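Each remark here refers to the structure printed beneath this line.
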Amino acid sequence: MKLKLINSLLEGEMTISYQGKIKIIDKLVIDTGAAHTLISSDIVSEIGIFFENDDPLVSSYGIGGEDYSFRKAVDYIMLGSLVIPKIKLDFGNLDGWDINGLIGLDILINGNFIIDLGKLELYQPN
């Protein structure tokens, strides 16, 4: 998958499916410092992803301090050629960041991805 270097951050895109509805999400930062993937809840509301009372709440710590998100299982995600079915993702508020989310180590390690900074590519070994 081709990456873009925008504002000194590596950005890519991911396809997400929830209850049969599909959305391609761009402006996702490849973040090897994030344990979990975090997607803006605003960007996925149109496919029916929103907080419900039985969704677990997750606290995260980073440069902006402590923040909260909710965790929900999706049908699948597709990142490059990798398809991960029935994965749980975190969804929360990313207002003011000018990105739609972070692709964290939960997905990067699961997919055994290699980040080629010279070619700006994210791929899996053969």
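Please treat every number below as a calculation from the coordinates, not as lab data. Only a predicted model underlies this, so the values are computations on that prediction, with no experimental measurement involved. Neighbour counts run over all protein chains shown; Cβ positions are idealised from the backbone, glycine included.
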Q. Residue 37: net charge of surrounding residues, Cβ under 15 Å, Lys/Arg +1, Asp/Glu -1, itself excluded?
A. -1
**Q.** Hull shadow area, averaged, the range 52-109 [alpha-carbon convex hull, nm²]
**A.** 4.9
**Q.** Sorted by Cβ neighbour density within 10 Å, fewest at the top, the residues 51, 70
**A.** 51, 70
(Q) I need 44, 58, 83 ordered by Cβ neighbour count within 10 Å, fewest first. (A) 83, 58, 44
Q) For the chain, what is the charge dipole size about the Cα centre, in debye to the nearest 20, if Lys and Arg each add +1 at the Cβ and Asp and Glu each add -1 at the Cβ? A) 440
Q. At a Förster radius of 25 Å, what calculated FRET efficiency corresponds to the Cβ-Cβ distance of residue 2 and residue 22, to the nearest 0.05?
A. 0.75
Q) In whole Å, how far is the Cα centre of the range 15-43 from that of the range 63-126? A) 6
Q) Around residue 30, which amide H atoms from residues at least 5 apart in sequence, or from another chain, sit under 5 Å from its own amide H, with H modelled in the peptide plane? A) 10, 11, 12, 103
Q: Would you mind listing how long the chain runs along its three principal axes, going by Cα atoms, in whole Å with the largest first?
A: 44, 33, 22
**Q.** Selection of GluC sites (Glu not before Pro), the range 38-103, meeting DSSP coil and at most 16 other Cβ within 10 Å
**A.** 52
Q) How big is D, in µm² s⁻¹, for the range 1-69 by Stokes-Einstein at 10 °C and 1.306 mPa s if Rh is the Kirkwood radius over C-alpha pairs? A) 114
Q.
If I model a spin label at residue 119 and residue 75 as a point 7 Å from the Cα along the Cα→Cβ vector, what separation in nanometres do I get?
A. 3.1
Q: Name the residue farthest towards the positive end of the dipole of the chain from the options 89, 32, 3, assuming +1 on Cβ of Lys and Arg, -1 on Cβ of Asp and Glu, about the Cα centre.
A: 3
Q.
Suppose only helical runs count, i.e. DSSP H with n ≥ 4. What mean residue ellipticity at 222 nm does that imply for the chain under -39500 (n - 2.57) per run, divided by all residues and rounded to the nearest 500 deg cm²/dmol?
A. -1500 deg cm²/dmol
